[in-house]
Each structure stands twice: as structure tokens, then as C-alpha cells.
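The values are calculated or read from the model by the stated rules, or taken from the named source; none is laboratory data. All of these numbers come straight from a predicted model, not from anything done at the bench. Every residue, glycine as well, gets a Cβ built from its backbone with ideal geometry; the counts of neighbours run over all protein chains shown.
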């Protein structure tokens, strides 16, 4: 059973383009690959919500083949890469 994890967030004013550039960077790709290798997760992508009335600017999607993989993602033996992703993402979020 496929499991999706979706994170909603807003960006700081004026940081949208910088965040999108970072998502394409080698640094971001390296972190994503490491997370995927360790947990079986697949980074699906980050979506910009342009429809009026949505409570958040962006959604980040991850796909897991099952709950075991999702559990590995949440409780990885080496959460440094996941933590690095979170910290870098927070540079741009509110």
C-alpha cells in the first residue's frame, strides 16, 4: 500500500524564487537521494499552491511503498540528512 506524506508550509516574503532555486541545487538533490536510499522514500516534488483561499503557499510530497518505509523515514538511525533538509527548508519558511 502506497503511503504519501504531505507537508504544507508558507515561505517568507520574497524568498519563493530562492527556495525554488535551492530545490534544484545539487545540495538539495544530494540530501533527497540520501533520504531515499536510507528509507525507501521517494521525493515526489514540491507544489506551489496558486489557487486563492488555500491556507499554505507550498506543499512538499514524499511517497513511501508502505508504512515500514514511512517508519524508517520518521525514525531513521541517521536522521542527519532529514534534519539537514528540514533546516534548509526552514531558511525560507515563516
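Listed by first and then second residue, the pairs linking a residue in region 51-67 that is more than 17 Å from residue 37 (Cβ to Cβ) to a residue that is crowded, with 17+ Cβ neighbours inside 10 Å and modelled with pLDDT under 85, with Cβ atoms under 8 Å apart and 6 or more places separating them unless they lie on different chains, are 57/11; 58/11; 58/19; 60/89.
Just so you know, in region 2-35 the residues that are part of a loop (DSSP other than H, G, I, E, B) and modelled with pLDDT of 85 or more include one that is nearest to residue 70 (Cα to Cα), and it is 2. Looking across region 44-87, the residues that are modelled with pLDDT of 80 or more and either part of a loop (DSSP other than H, G, I, E, B) or on the phi > 0 side of the Ramachandran plot (or both) come down to 45, 65, 66. In region 13-24, the residues that are under 13 Å from residue 58 (Cβ atoms) form Cβ pairs under 6 Å with partners that are surrounded by 14 or more Cβ atoms within 10 Å (Cβ to Cβ) and modelled with pLDDT of 80 or more, at six or more places apart or across chains, as follows: 22/28; 23/46.
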